[in-house]
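**Student:** Below you'll find the structure I mean.
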Amino acid sequence: MSRLVFKRLSSTLTIKSAPSKTHHHQPIPSSSFPSGYVLTGLHAGVKKKAGALDVGIILSTSDRPTSAAACFTRNAFKAAPVVISEEILGENAGRARAVVVNSGCANAVTGAQGIEDAWAMAKETDNLLPQNSSAIASTTSQTLVMSTGVIGQNLPISKILSAIRSQRDESQQTLSTNFAAWERAAKAFMTTDTFPKLRARKFHINGVEYKMAGMDKGAGMIHPDMGPPALGPLHATLLGCIMTDAAISPRSLQRALTYAVERSFNSISVDGDMSTNDTILLLANGAAAKKNGVALEEIDEETDKDAYEEFKKELTEFTIDLAKLVVRDGEGATKFVTVTVKGAPTYQDAHRIASRISTSALVKTALYGEDANWGRVLAATGSVPLSSPLHPKKVSVTFMPSDGTTPLPVLVNGEPEKVDEERASEILALEDFEILVDLGGGNAAEVAQYWTCDFSYEYVRINGDYRS
């Protein structure tokens, strides 16, 4: 952008800096993390910055079989780590014991060399796994792989393998169970992220306490559309890994994750661009699945529907928490906006409308300018084909403040309200608020939500200079 144009634009709009987001990362007691996992983050030299953590390792040390589930990008240009992780999950019938991730290079669109490098990362990590009764008789690998960073460049694979190999030497080993180890692993995921995204929680099923923890990364190139392995067919990416010490059968773990991802990671957007590498992994190692000293059977939806539904609920709430962190850390973002759509013919219809509003450049720039331009919301709403016709005279739009004060309706049953512009400015000046669109029909209980942010000058600066 030339100085002349920048001056012309800035003369009519205040250039806001993105607020600090570091408060979203706080220490977590080590006792909050699930049993049977060791982790670390290492500096291999993938990133240019000296000492930056760019390789993360997660190992299950449980003596029980570890179930694994995943949702991968549906982008036709699937990155090498996505391709081989799908193969590993298929070969092992939903079992895996480790995850290795690198940041700084996506290993996407890298041809045969990229595939070879991804396999090398998996097999080197296999060598770190304890030899116990949980070992998988696999002809491929027991390790799932993720990568994030610049597309079209080959990995510095020798550096990565050397870093992984260092954890076999007790004098160099940093693998641990404490908060510092979980934090190092979370930092190894980061690219343009401004803080490590790490959360943990406890829950109970059938009187047994379990724990769940997870980390994700992402700030740009965020508009995931992920599905289970083999379903359906440029820089930052959505990656996430969730671990629990509950025992869940592989098929039920996959179904629970697919359900949760649709309502969380597939319901966020920073810029509307789907990555080649988007991946969410879930491990369940059964380390806490004991009652009175007796090992419990894996939870399965066919044999214990109530327990499965409780786990699915806990997982969905947890993935929503993780997904929101990605939007809060959106590149250059100054706003965190919930888009809620109800009264659509189906949930899928509501979800598509929420997605369209959340990806509209006109809506997102108005959010940055704190302009209650609800006409752009309506235009986005009306552009989506639905399973049955939309009735404009039934549609209502309301701006909902996050501070508990009075909402501001701007359209009621198709009729525009006399908008209090001062009140509108107060709501849009908040960092968090909601846009509620009620289509006035369908099943009122079917509510879809999307979480999005604004477009700022800072977003353009970051993405105009990403590779330098």
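**Student:** Got a sec to turn the phi values of region 131-141 into Karplus ³J(HN,Hα) couplings, 6.51 cos²θ - 1.76 cosθ + 1.60 with θ = phi - 60°, whole Hz, x for Gly and Pro?
**Tutor:** 8, 9, 5, 8, 4, 9, 7, 10, 8, 10, 6
**Student:** Could you run the Karplus curve 6.51 cos²θ - 1.76 cosθ + 1.60 with θ = phi - 60° over region 17-29 and give me ³J(HN,Hα) per residue in whole Hz, x for Gly and Pro?
**Tutor:** 8, 5, x, 4, 10, 5, 5, 6, 10, 10, x, 10, x
**Student:** In nm, what is the difference between 0.36 nm times the number of residues separating Lys394 and Asp321 and their Cα-Cα distance?
**Tutor:** The Lys394-Asp321 span can extend by a further 23.0 nm.
**Student:** Classify region 61-218: rounded, prolate or oblate, from the alpha-carbon gyration tensor (a ≥ b ≥ c, eigenvalue square roots; a/c under 1.5 rounded; otherwise prolate if a/b is larger than b/c)?
**Tutor:** In terms of gyration-tensor shape, rounded.
**Student:** Would you compute, from DSSP H runs of 4+ residues alone, the mean residue ellipticity of the chain at 222 nm, taking -39500 (n - 2.57) per run and dividing by the full residue count, rounded to the nearest 500?
**Tutor:** -9000 deg cm²/dmol
**Student:** Among DSSP beta bridges whose residues both lie in the chain, state the antiparallel percentage, nearest 5.
**Tutor:** 70
**Student:** Counting only protein heavy atoms and a 1.4 Å probe, tell me what percentage of the chain's accessible area is made up of carbon and sulfur.
**Tutor:** 51
**Student:** Can you pull out the trypsin sites (Lys or Arg not before Pro) in region 31-65 whose DSSP state is coil and whose Cβ has at most 14 other Cβ atoms within 10 Å?
**Tutor:** Lys48, Lys49
**Student:** Quote the convex hull volume per residue of region 338-468, based on C-alpha atoms, as a whole number of Å³.
**Tutor:** For region 338-468, the hull spanned by Cα atoms encloses 109 Å³ per residue.
**Student:** Using a Förster distance of 35 angstrom, determine the FRET efficiency expected from the C-beta separation of Ser158 and His24, and round it to 0.05.
**Tutor:** Efficiency, from the Cβ-Cβ distance: 0.50.
**Student:** Label Ile15 and Lys48 with points 7 Å out from Cα along Cα→Cβ: what is the distance between them in nm?
**Tutor:** Between Ile15 and Lys48, the simple spin-label model gives 2.2 nm.
**Student:** Could you grab the Rg to Rh ratio for region 364-425? Cα atoms only, Kirkwood for Rh.
**Tutor:** Ratio of gyration radius to Kirkwood radius for region 364-425: 1.00.
**Student:** Then there's this: Could you state the orientation-averaged shadow area of the convex hull built on the Cα atoms of region 387-457, in nm² to one decimal?
**Tutor:** With every direction weighted equally, the projected area is 6.4 nm².
**Student:** Rounded if a/c is under 1.5, else prolate if a/b beats b/c, else oblate: with a ≥ b ≥ c from the C-alpha gyration tensor eigenvalues square-rooted, which is region 288-360?
**Tutor:** oblate
**Student:** Using the heavy atoms of the protein chains alone and a 1.4 angstrom probe, what is the accessible area of region 332-468 per residue in square angstrom?
**Tutor:** Normalised by residue count, the accessible surface of region 332-468 is 46 Å².
The values are calculated or read from the model by the stated rules, or taken from the named source; none is laboratory data. Every value quoted in this text rests on a predicted model; they were computed, and no experiment measured them. Backbone-built Cβ (ideal geometry, glycine too); neighbour counts: all protein chains shown. Please note that ligands, DNA and RNA were not included when accessible areas were found on the heavy atoms of the full protein model with its side chains. Shrake-Rupley method; radii C 1.70, N 1.55, O 1.52, S 1.80 Å.
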